[in-house]
Amino acid sequence: MSAVNILSVCGSGTVTSSMVAAKLKEKLGERGYSVSTTEARPTEALNLAQSGRFDIITHTSPLPDGDYGIPAVNAFACITGMGEDQFFDDVVEALKSVGK
């Protein structure tokens, strides 16, 4: 199992990011990943991303401009349910791009 750390970002840093985090743990778990997530607000994302603790970012609200240094995947599909499978495929591709 590959252990991955995902930064899950939404507007408030709680509700939607927690929902996305739960789905990531379930769906990526089915694909052989052990997922740890941290939920955050967009204003916290850049500092957290630059901390070196995370492999990728998933976000449901826009991220402020900056050099995050890790792949960011739009998680809006998790809210609507439309295109969710593509979202999880995109997350796996992003993880592969960072060697996970």
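The values are calculated or read from the model by the stated rules, or taken from the named source; none is laboratory data. For clarity, every value in this text was computed on a predicted model and none was experimentally measured. Ideal geometry is used to build each Cβ from the backbone, glycine not excepted, and the neighbour counts take in all protein chains shown. We work out accessible area using only protein heavy atoms, side chains counted, and drop any ligands, DNA or RNA first. Shrake-Rupley method; radii C 1.70, N 1.55, O 1.52, S 1.80 Å.
Counting helices only, and only those DSSP H runs with n ≥ 4, report the 222 nm mean residue ellipticity of the chain as the sum of -39,500 (n - 2.57) divided by its residues, in deg cm²/dmol to the nearest 500. Intermediate results must be reported in sequence, preceding the final value.
Numbers: 4 runs with 41 residues, N = 100.
Mean residue ellipticity, 222 nm, calculated: -12000 deg cm²/dmol.
Kirkwood Rh over Cα pairs of region 48-100 into Stokes-Einstein at 25 °C, 0.890 mPa s: D in µm²/s? Let's see the in-between values first.
Details: Rh = 11.7 Å.
The estimated diffusion coefficient comes to 210 µm²/s.
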Most positive-pole-ward Cα, Val73, Gln86, Gln50, against dipole of the chain from beta carbon charges:
Gln50
With every protein chain present, what is the per residue accessible area of the chain (1.4 Å probe, Å²)?
51 Å²
Compare Thr14, Thr80, Thr37 in a GNM of the chain, Cα atoms joined below 10 Å, and give the one with the largest fluctuation.
Thr80
Under a point-charge model restricted to the Cβ atoms of Lys and Arg (+1) and Asp and Glu (-1), what is the dipole moment magnitude of the chain relative to its Cα centre, in debye to the nearest 20?
260 debye
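Ordering Ser8, Ser51 from largest to smallest accessible area (1.4 angstrom probe), what's the sequence? Walk me through the intermediate numbers first.
Working: Ser8 0, Ser51 60 Å².
Ranking Ser8, Ser51 by accessible area, largest first, yields Ser51, Ser8.
Taking a ≥ b ≥ c as the square roots of the eigenvalues of the Cα gyration tensor of the chain, is the shape rounded (a/c under 1.5), prolate (a/b larger than b/c) or oblate? Display every interim value, and only then the final one.
Details: a/c = 1.57, a/b = 1.14, b/c = 1.38.
It is oblate, given that a/c is not under 1.5 and a/b is not larger than b/c.
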